[in-house]
Amino acid sequence: MLSIRDLQQEAEELAPRLVEWRRDFHMHPELGFTEVRTGGIVARHLQDLGLEVTTGVGKTGVVAVVEPESLPDDAPVVLLRFDMDALPILEMNDVPYASQNAGVMHACGHDGHTAIGMGVAQLLSKHRNELPGRVKLVFQPAEEGLGGARAMVADGVMNAPTPAASFGLHLWSQLPLGTVVVQAGPLWAAADIVNVTVHGLSGHGAMPHETIDATLVAAQIVVAWQSIVARSVDPAQAAVITVGKFHSGTASNVISGKAELSCSIRSLSVEMRDLIVRRMDEVAGGVCAAFGARHELELIKGVPVTQNSVEGAALMRAVVGEVLGNNAAIQIPPMMVGEDMSEFLNRAPGCFVLVGASDPAGPLHAAHHNDHFDFDERMLPTGVALLAGAALSWLNQQHTGRV
Ligand SMILES: [Zn+2]
Ligand SMILES: [Zn+2]
């Protein structure tokens, strides 16, 4: 019977190919929804493995299902997700595989994720007749704030066949090789946008008494909002309100009649998100009333909380134990980063893990989204073994549960 150990050994043998693939993707990064070259290479690889491939899912996404030659229609289905997009950053690394697409860079490690996905596809299709179910491989575009997961869901990625569980990973340069963050409950945050427009009354810069200065009102609102996390949020819980944009006025001698604030809201539950938005609205309304101004608030929902199920985390912990040993799985306080793997986890509960990708004694420690970001490629076979292992282990669990 196929074991996680077998998969791990084969993943290690695949290491040189994984590095080759990753470096090729790194040299040719593509922004969200334009992953035509990347998706094309993935699709060709999957076809060469004998898989039936669907392209154009969520614009540039690629999907294939690995399954044995004969299997009942209602056999269990598990989804594995790999994101493919790069960021609008000018790479500053001086390495032979540096970006050849100036101003675009794989600064989050999605080049590694795509290479891992190609490796997982190779191992699982080699052993397809030993799988007690189906593995849906999802290569996702546009993770970096552009809604690639949602676009794939809208294009039916969760149908025909419908997965009952999903697993994914993010390589993480701030974690040492050989460690994996596995935890039930929230790992990463929901990220939403709140836009507030303050309407005052514009006028001459020398006649303030005949105006309602939108700049002054909006400035008071920004200051008053700082009390929300400090005084409306339970101190044992996490929340962030970042006023990232503040636009008001047109000239030095004109008092502004309109100010626009754009804010990033991070929370670990829908209740917290709703509390923050309600308090932002109340505070803005109260300040505006005091100055004779008025406001409008718009909530643009972004990615939901990235949450792992208890069962998914337990399964993943066992897989990590087999691949890296019993002390490898660690827990961290949730981070306020957003990640649209949450769209899959919300529909097919499972587990998303962070895989250590730097050598504490090595040089590669730059943070994600930094122009010097890079990672230790020795994590690539580990990533392959973890996700191929999670799929196998979940399918085996369903199979045993049925007998
Ligand atoms: Zn990122
Ligand atoms: Zn990322």
Among Gly362, Gly325, Gly350, which is the only one that is at pLDDT below 95 and more than 14 Å from ligand 2 (Cβ to nearest atom)?
Gly362
If you check Gly338 against the conditions, is it under 21 Å from Gln183 (Cβ atoms), crowded, with 20+ Cβ neighbours inside 10 Å and more than 16 Å from ligand 1 (Cβ to nearest atom)?
no
The residue from Pro68, Pro72, Pro132 that alone is free of Cβ contacts under 8 Å to residues at least 12 places away in the same chain and more than 15 Å from ligand 2 (Cβ to nearest atom) is Pro72
Every residue in the range 359-369 that is surrounded by 16 or more Cβ atoms within 10 Å (Cβ to Cβ) and either within 16 Å of ligand 1 (Cβ to nearest atom) or of a type in the set (Phe, Trp, Tyr) (or both), please.
Ala366, His368
What number goes with the only condition from (1) within 16 Å of ligand 2 (Cβ to nearest atom); (2) part of a loop (DSSP other than H, G, I, E, B); (3) under 22 Å from Asp24 (Cβ atoms) that Ala98 does not pass?
(1)
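Each row is one residue, and each column tells you yes or no for (1) crowded, with 21+ Cβ neighbours inside 10 Å; (2) within 16 Å of ligand 1 (Cβ to nearest atom); (3) within 24 Å of Pro72 (Cβ to Cβ).
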position: His106; (1), (2), (3): yes, yes, no
position: Ala121; (1), (2), (3): yes, no, yes
position: Glu130; (1), (2), (3): no, no, yes
position: Lys136; (1), (2), (3): yes, no, yes
Qualifying positions in the range 56-89 - part of a loop (DSSP other than H, G, I, E, B), within 16 Å of ligand 1 (Cβ to nearest atom) and not acidic (Asp, Glu):
Met84, Pro88, Ile89
I'd like to know if the range 375-387 contains one or more residues that are of a type in the set (Gly, Ala, Ser) and modelled with pLDDT under 95.
no
Which members of the range 216-255 meet the condition of being touching a Pro at 6+ places or on another chain (Cβ under 7 Å) and under 16 Å from Ser267 (Cβ atoms)?
Ala238
Which numbered condition trips up Ser173, out of (1) of a type in the set (S, T, N, Q); (2) touching a residue at least 24 places away in the same chain (Cβ under 8 Å); (3) away from ligand 2 (no atom under 16 Å from the Cβ)?
(3)
Suppose we filter Val277, Val283 for residues that are surrounded by 15 or more Cβ atoms within 10 Å (Cβ to Cβ), closer than 28 Å to Glu339 by Cβ, of a type in the set (A, V, I, L, M) and in contact (Cβ under 8 Å) with a residue 40 or more places away in the chain; which single one remains?
Val277
Can you spot a residue in the range 28-39 that is of a type in the set (D, E, K, R) and closer than 14 Å to Val138 by Cβ?
yes
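The values are calculated or read from the model by the stated rules, or taken from the named source; none is laboratory data. Remember, it's a predicted structure, so these values are computed and weren't measured experimentally. Every residue, glycine among them, receives a Cβ derived from its backbone with ideal geometry; neighbour counts consider all protein chains shown.
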